[in-house]
């Protein structure tokens, strides 16, 4: 009885680990294409991203300095009138209930004054 129980436990462990591996391979992904981390920009910014949805993770939430600048449609958003100084852009995967479950990506940028014309 001991050997058969041990064999069964080992088999279940192998199935569990294989299942985790398959799940990890099918995770949602986000990538912030622009702006680049550490970039210096003017008072306007194009935010571009790639998002691969998987399962319940079906959209992203986008933040500028912890605030939502508006709903992110498609794969880009253009923002104008940014204040001078540092800013953080963050995108995070969210599920159908709008719970942020990841993955996420972020970049810190610095806005400099626009050149005089």
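The values are calculated or read from the model by the stated rules, or taken from the named source; none is laboratory data. In this text the structure is predicted, and so the values were computed from the model without any measurement. Cβ atoms come from the backbone with ideal geometry, glycine included; neighbour counts cover every protein chain shown.
See the values below:
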read-out: So residue 31, is it in a loop (DSSP other than H, G, I, E, B) and either at pLDDT 95 or above or surrounded by 14 or more Cβ atoms within 10 Å (Cβ to Cβ) (or both); value: no
read-out: Within segment 54-98, tally of residues that are surrounded by 15 or more Cβ atoms within 10 Å (Cβ to Cβ), touching a residue at least 40 places away in the same chain (Cβ under 8 Å) and more than 22 Å from residue 37 (Cα to Cα); value: 1
read-out: Scan of segment 35-53 for residues that are exposed (fewer than 15 other Cβ atoms within 10 Å of the Cβ) and more than 13 Å from the chain's Cα centre (by Cα), ordered by number; value: 36, 37, 38, 39, 40, 42, 43, 44, 46
read-out: Qualifying residue in segment 99-113 (condition: modelled with pLDDT of 95 or more and loosely packed, with under 10 Cβ neighbours inside 10 Å); value: no
read-out: Top-ranked residue in segment 74-86 [being part of a strand (DSSP E or B) and under 17 Å from residue 40 (Cβ atoms); ranked as farthest from the chain's Cα centre (by Cα)]; value: 85
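Okay, residues lined up against (1) part of a loop (DSSP other than H, G, I, E, B); (2) touching a helix residue (DSSP H, G or I) at 6+ places or on another chain (Cβ under 7 Å); (3) more than 16 Å from residue 27 (Cβ to Cβ):
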| residue | (1), (2), (3) |
| --- | --- |
| 61 | no, no, yes |
| 71 | yes, no, yes |
| 88 | no, no, yes |
| 91 | no, no, no |
| 94 | no, no, no |
| 98 | yes, no, yes |
| 104 | no, no, no |
| 108 | no, no, yes |
